[in-house]
1. Which value in nm describes the separation of the simple spin-label points at Thr52 and Thr26, placed 7 Å from the Cα toward the beta carbon?
2. Could you state the orientation-averaged shadow area of the convex hull built on the Cα atoms of the range 8-81, in nm² to one decimal?
3. Leaving ligands and nucleic acids out of the surface, order Arg56, Arg45 by accessible area at 1.4 Å, largest first.
4. If you roll a 1.4 Å probe over the heavy atoms of the protein chains, what accessible area per residue do you get for the chain, in Å²?
5. In nm², what is the average projected area of the convex hull enclosing the Cα atoms of the range 55-99?
6. Would you list, by chain and number, the aspartates and glutamates whose Cα falls below 18 Å from the Cα of Lys86, excluding same-chain residues fewer than 8 positions away?
7. What is the diffusion coefficient of the range 40-115 in µm²/s, taking the Kirkwood radius over Cα pairs and the Stokes-Einstein relation at 4 °C with a viscosity of 1.567 mPa s?
8. Count the net charge of all other residues whose Cβ sits under 15 Å from the Cβ of Pro87, scoring Lys and Arg as +1 and Asp and Glu as -1.
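The values are calculated or read from the model by the stated rules, or taken from the named source; none is laboratory data. All figures in this text were calculated on a predicted structure; none of them were measured in a lab. Using ideal geometry, Cβ is built from the backbone for each residue, glycine included, and neighbour counts are taken over all protein chains shown. With ligands, DNA and RNA removed, areas are computed over all heavy atoms of the protein, side chains included. Shrake-Rupley method; radii C 1.70, N 1.55, O 1.52, S 1.80 Å.
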Amino acid sequence: QVQLVESGGGLVQPGGTLRLSCATSTNIFSTYTMGWYRQAPGKQRELVASITSGARITYVESVKGRFTISRDNAKNTVYLQMNSLKPEDTAVYYCNAKIMAYSYWGQGTQVTVSS
């Protein structure tokens with residue numbers, strides 16, 4: 001069982017920045033595909049960004065050019081740098097770790113973009 005702990009969420013004004021972190025308990029972190037998902041009230045959870053063990057990165061179209069996913073294999077941590085935040089980015093953000101048939105989730109961190 002892998003534990004994931006997100007941090008870095010909060011309230012920010014439109015145009016602001018936040019950096020989310022997700023620390024994991026696994027010692028084979030480098031082999032996982034890591035992802036950030038988000039779920040807004042009344043909406044389905046969506047994949048925001050992912051990064052494979054080989055550092056292949058994907059983003060949902062709505063965050064391209066504003067968000068950056070990165071990983072530090074030495075710290076077993078994945079990050080999501082969020083710039084130029086918009087009210088529509090408001091959601092609970094979840095960290096996910098995948099390897100083969102296994103998928104693990106964090107508890108989520110709230111991001112609210114509002115003036």
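1. In this crude label model, Thr52 to Thr26 measures out at 1.5 nm.
2. The orientation-averaged projected area of the Cα hull of the range 8-81 comes to 5.6 nm².
3. Ranked from most to least accessible, the order is Arg56, Arg45.
4. Here the residues of the chain average 53 Å² of exposed surface.
5. 3.9 nm²
6. Glu46, Glu61
7. Rounded, D is 95 µm²/s.
8. +2
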